[in-house]
Every structure is written in structure tokens, then in C-alpha cells.
Amino acid sequence: MKTIVYNFAFLLFFIVSMRLIPHPPNFTPVLATAILSPHIFSNKILPSVLLLTLAMFISDIFLGLHKFLIFTYIPLIIIVFLSNYINFSKTNIIIMTLLSPLIFFLVSNFGVWLLTDFYPKDLGGLFQSYLLAIPFLQNSFIGTIVYLLLYFILYNISIYMISKYNPKILEYKNSLKYINN
């Protein structure tokens, strides 16, 4: 239980701070965390959903609350559920890394099309909203990849450091931890 609380607190702080510091649009750890959080919390969905919605809401208080919140939060919950029900392997992580930005892109931009007057309310307007949002999709892909790699590197460094200074707790092997083959 203590580990869940520490992981939750660290990830909450990390997501909120990474959303608040200046960064390219959609280049945040949010999607990477949505992919990994069910596995960090031992396939428990509630802490993952709570973590992401709380982190998003806290940072949105500072960034500005808007009428698209439901279309921003729902894709994250969908990603958590999908990630929770996959076998945590290298192949599935790659699939989720590609699928997660697409899910977020499709749902969030559907919300922009639906709730604004920026685009005509027809199939052409929906297509236009997706077309004009492609730069954000690119940043989402890059951000998800970068933050997933960062999480894996930090995780392996921490495992190595713990095993080095307290080998009774963990034994480090020279292979990437946290992913099944």
C-alpha cells in the first residue's frame, strides 16, 4: 500500500509539473502515464483513473478550465482501460504507444468540432478539424515515446541503485526491467 501511495504522489507531482512548465503543445507525460499506470498500480484501474483525472484537473485549474474537459479526460480513461487489459509485453507497449495518441486525437478533436463554431457541423467540418490538428498529433506521438523511454530509464536506474545499495531488496540483472519479452 505504501508503494502505491508513493508512486501515486510522485506521478501526480510529475504530471502536474510537466504540464505547467513551458512545453510544445501535447508534449507531456500524460499519455505515457495512462499506458503505464495500470501496470504500476498492479492492474488496479481506480488509482490510475484517479491519478490522471486529478493531475489533469489540478493542472487545468492553473492552465484554464474549458468546455472540452470531458473530451480530454475520457480518452485518458479509455487508454487506461485498454492498457489494463493487455499483456504487458514489448509488442503491446508499441501498439499502445501508437494507439494512445490516436485515441486522444480522435476524441479530443471530435469535442472541438462538436462544441465550437470553428468548423461546419458536417463530415467535411469534422475532417477539417482533424486535418488542422495533425501538428498536435505529431507532438503527442513524440511526447508519448519520449516519456515512455524516460519512465523505463528512470525505473531501471532506480532498480539498479536500490540493488547496489541494498541487494537484499532487489537483484539487478543486465536486462531491461519492467517489460516481459
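Taking only the stretch 99-126 into account, find how many residues are among the hydrophobic types (A, V, I, L, M, F, W, C) and surrounded by fewer than 13 Cβ atoms within 10 Å (Cβ to Cβ). Steps first, answer last, please.
Applying the first criterion (among the hydrophobic types (A, V, I, L, M, F, W, C)) to the stretch 99-126 yields 99, 102-107, 110, 112-115, 118, 123, 126.
Next cut, surrounded by fewer than 13 Cβ atoms within 10 Å (Cβ to Cβ) only: 118, 123.
Residues flagged as among the hydrophobic types (A, V, I, L, M, F, W, C) and surrounded by fewer than 13 Cβ atoms within 10 Å (Cβ to Cβ) within the stretch 99-126 amount to 2.
Please state which of the following conditions Ala9 fails to meet, knowing it meets all the rest: (1) of a type in the set (A, V, I, L, M, F, W, C); (2) assigned to a helix (DSSP H, G or I); (3) within 24 Å of Phe141 (Cα to Cα).
(3)
Consider only pairs whose beta carbons are under 7 Å apart and that are at least six residues apart or on different chains; among these, list those whose first residue lies in the stretch 35-48 and is without any contact (Cβ under 8 Å) to a residue 24 or more places away in the chain and whose second residue is part of a helix (DSSP H, G or I) and among the acidic types (Asp, Glu).
Taking only residues 6 or more apart or on different chains, not a single pair turns up.
Being modelled with pLDDT of 75 or more, among the hydrophobic types (A, V, I, L, M, F, W, C) and assigned to a loop (DSSP other than H, G, I, E, B), is that true of even one residue in the stretch 142-164?
no
Please go through the stretch 144-161 and give me each residue that is surrounded by fewer than 17 Cβ atoms within 10 Å (Cβ to Cβ), of a type in the set (Val, Ile, Thr) and out of contact with any helix residue (DSSP H, G or I) (no Cβ under 9 Å at 6 or more places or on another chain), ordered by number.
Step one: of the stretch 144-161, the residues surrounded by fewer than 17 Cβ atoms within 10 Å (Cβ to Cβ) are 145-146, 149-150, 153-158, 160-161.
With of a type in the set (Val, Ile, Thr) added as a condition, the list becomes 145-146, 153, 157.
The answer is Ile153, Ile157.
The values are calculated or read from the model by the stated rules, or taken from the named source; none is laboratory data. Computed from a prediction, not measured in an experiment: that's the story for all the values here. When we count neighbours, we look across all protein chains shown, and the Cβ atoms used for this are built from the backbone with ideal geometry, even at glycine.
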